[in-house]
Structures are given as C-alpha cells and as structure tokens.
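Asker: Provided herewith is a single structure, encoded as structure tokens, for subsequent inquiry.
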Amino acid sequence: MQSAKSFEQGRRLWGCRLGLALWVLIVAPSWAWSQSSAIHSVPTAPLSSGAQELIRGAFVGLEGPIVDEHVHIVGLGKGGTGCEVNPHMLSRRHPFKRILANLYLSASGAKDFEHFDQEYVERLVGLARGFGHPVRLHILALDHAYHPDGSLDAEHTEFYVPNDYVVRLAEQYPDIFVPVISVHPARADALAELEKWAAKGVRYLKWLPNAQGIDAADPRWDPFYRRMRELGIVLITHTGEEKAVAVRGGQVLGNPLRFRRALDAGVTVIMAHCASLGRNEDLDHPGRSASNFSLFQRLMSEERYRGRLFGDISAMTQFNRLSVLRQVAASPELQARLVNGSDYPLPAMDCVIWTAQLVRMGRITSAERRSLNEIFRRNPLLFDFVLKRILRDPKTGQRLSDHVFSVVPTGEQR
C-alpha cells in the first residue's frame, strides 16, 4: 500500500506537472522574459545579520579560491559572440522548448535582449565578485551535435557556445574564469581543434553526450582519447539522464559505463551530477538495467580508476537529486573524489530548489532557510555555494568536506 508520504510527494509532482503544462500553453511564452528583471533585480538593502553570518560561516575552513567547475555560458549571438540557439527554442510553434529557453534566459538576469550575451557575462562576473572571496569559475563551451559520419547536425543542436568565445572571456577576466572547450570527436578537425586550444593552455573539455550524440564507448575515439591523455586534458562530461535540453533518443549515451573506454585510455574524467538521474543498461550484465548512480558507484569502486575518475555535485541540490546527494555526502570514499559545480544558471531557477523541502528533511533549519532565500535574491551563485556548505545529514550531522570546494582534478599523467 502506498504510504501517505509517497502519496503526498506524488500528488505534488503531478500538480507541478499539470501547473507547468497549463502555464506553458497559456501564459509562459510572453511571461518568462518580461519577468526576468523583476525576479533578478538585486536588492539594495543590506543583508540581514543572519544571512551575513551564514555567509561568513560558509568560508570557514577554506583556503584559496572557491572552485566551481560547472558554469554555463549562454548566448544568442548578440555582439558577435558566435553563440547560437536553435530557432525552435524561440518559436511559438514549439511552446515547451520556448518556455525552457525563456526560463534559462530569464534566470540570467539580463534585461536587454539585444545585448543579452554581454549582460549575461557582466551579471556572472558581478555574482562572482559578490562572493567577497576569490572564486574560479570554469566556464563551459558547448559544441554542435554531429551525425556519426562527422557531418554537422544543426537540427538537433539546441545551444552552441564556441571555444574561442569562452577562451576570450577567460583572457578578459583571468581572475575569475577558467576556459573549458568542447570538441565533438566526430568532427573531421577534432584532433586539430584539441591541439589548438591545448597549445593555448586549455586543460578542460566538456561533453553533453545525450544531446550532442557522442557515444563515449565508440572505438573510433581512441586516437582522440590518447591525445587528450598526452595533452593532459580533463574530460568534464554529463552522465545520467539529461533533463535540461532535449535529446534524440540519446539517454543511453549518459550511461557511466560507456566512459570506461576513456578511463582505460588514461583520460581523467569528471562525471557531472554523479549520474544521479535515470536508469540504463548494465553493460557488465547484459539484459539487466540499473540506476545510473549505481553504475557510477561501481566505476568509483574500481581501484584502477582511482585518481582519474571523479564526480561533481552540480545541480544536486535540486529536489529530484537530493537522495543521491545524501548518499555521496555520507560516503567518505566518494567525498574524497567530489568536485564542486553549480550548473549555473540553474541555481537561479528557484522552481527546482525547494528550501522548504530541505527544512522538512532536517537538512537545514527554518532560520537558515530564511537567510538562504535572502541570499538567493541577492546572489543565486553565492546561494548555491552557501547551501551546499551548510547542508547536513539530519542524523549524523555529516556535511560535504572542505576540499570539495577548493580542488579540481588535473590531467597530469601519473
């Protein structure tokens, strides 16, 4: 029999889905962008003493800059940035895609559509400097989707952020940004592109396999992996089910076990979100399936990958990932190999982070919730950091370790 708690959770989930569907179909297309300035206008009054104390406490025990290795750059191509958004994402003929795009755009806090790309970056820089503590944001490029034959798949490319843009931004703001390029291995010039940016000092590469159509287990990418290892480039890759952008039957590509090929080639891999959503085929036991998180745990338990396989905690304070965050925080073995990431601009979307739920779970107090909500209105990036610093197990009091927020793996050969 279904418990009262699970019934209530199911009722709330379906209520959210119904409400979102009605909102999308009726009012969303014109609402989201128009509301961005109202939602993200920065309060001018000083933070309360409780909020200030929470922020000060979050920095205790940390030395050096705060590391956030999962920050998205979003752009519309305004001002010659080269960024692209699939026209379907902004079309009234595709209302669900349009509202998704509008939610991302509004979360940025930009107010001028014609200068969106510039305002997005200026807002992000302001949030980083608003920490009052050094912060290093790894900003992510995102390559196009490609067909298996290496031809460009423009139809299924929803967002594109060019490598030269994130590198230029890192050169403009060297105290804040670290560039992360994105190179689809099916490109005819994939190796040349990899070497080009490595020669300029770039040491991180981003994949979103589910959306880009990248099968990490394809033996054709072996030369690409070898060159990554030789150049000391770390792969930051989405793992698990992808919810933020549409995929074309590509959820199987988020299977953590598909990255064994890269790991066996000596590549250092950071698995975003610790593969905390969805299920996939258990490739070690054909015919069976397992949660992506359990497959991630299996890889982490293999001694041969120690020192080269890591997980990031980006987006894991969202209501649908909290159970996995609790498990990784309770495991000293996993904690030793976690990396901090915000998945910005997602922390600016308060519909996916439920602080009231965290109070009910005993992860934070009511007073902390009030202060956190105040911080969110001022600086959602700082909110994400402070929230992760104070979250605790209601039984043991266990929190995420200090080192999670100040280190990021390198691709140096061992």
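Asker: Region 364-407: which trypsin sites (Lys or Arg not before Pro) are DSSP loop and have at most 13 other beta-carbon atoms within 10 angstrom?
Answerer: K395
Asker: While we're here: In whole Hz, with x marking every Gly and Pro, tabulate ³J(HN,Hα) for region 372-379 from phi via Karplus 6.51 cos²θ - 1.76 cosθ + 1.60, θ = phi - 60°.
Answerer: Karplus-based 3J(HN,Hα) across region 372-379 equals 4, 5, 5, 5, 4, 5, 8, 7 Hz.
Asker: Moving on. Counting only other residues whose beta carbon sits under 14 Å from that of H403, what net charge do I get with K and R as +1, D and E as -1?
Answerer: Charge balance near H403 sits at -1.
Asker: Return the sequence-ordered ³J(HN,Hα) values of region 149-162 in whole Hz as given by the Karplus equation 6.51 cos²θ - 1.76 cosθ + 1.60 applied to θ = phi - 60°, using x for Gly and Pro.
Answerer: With the stated coefficients, region 149-162 comes to 7, x, 7, 5, 10, 5, 4, 9, 8, 8, 9, 9, 10, x Hz.
Asker: Non-local amide H neighbours of T239 (under 5 Å, H modeled in plane, Pro and chain starts lacking H): which ones?
Answerer: A272, A275
Asker: Follow-up. Run through region 340-414 and list the GluC sites (Glu not before Pro) located in a DSSP loop whose Cβ has at most 12 other Cβ atoms within 10 Å. Show your work: numbers first, answer last.
Answerer: Working: sites: E368, E374, E412; in loops: E412.
Hits after loop and neighbour filter: E412.
Asker: Could you point to the residue in A199, V166, A211 farthest towards the positive end of region 150-226's charge dipole, with +1 and -1 charges on the Cβ of Lys/Arg and Asp/Glu respectively?
Answerer: Comparing the listed Cα positions along the dipole, A199 ranks first.
Asker: With the Cα gyration tensor of region 353-393 giving a ≥ b ≥ c as the square roots of its eigenvalues, does the rule (a/c under 1.5 for rounded; else a/b larger than b/c for prolate; else oblate) give rounded, prolate or oblate?
Answerer: prolate
Asker: Below 8 Å, C-alpha to C-alpha, sequence gap of six or more: please give me the relative contact order for region 268-392 in percent.
Answerer: The value is 20 percent.
Asker: Ok, one more. Taking the Kirkwood radius as the inverse of the mean 1/r across Cα pairs, report the Rg/Rh of region 248-389.
Answerer: Result: Rg/Rh = 1.01.
Asker: While we're here: In whole Hz, with x marking every Gly and Pro, tabulate ³J(HN,Hα) for region 346-359 from phi via Karplus 6.51 cos²θ - 1.76 cosθ + 1.60, θ = phi - 60°.
Answerer: Going residue by residue, I get 4, x, 7, 9, 5, 6, 10, 10, 9, 5, 5, 5, 5, 5 Hz, with x marking Gly and Pro.
No lab work stands behind these numbers, since they all come straight from the coordinates. The model shown is predicted, which means the values in this text are computed figures rather than measured ones. Every residue, glycine among them, receives a Cβ derived from its backbone with ideal geometry; neighbour counts consider all protein chains shown.
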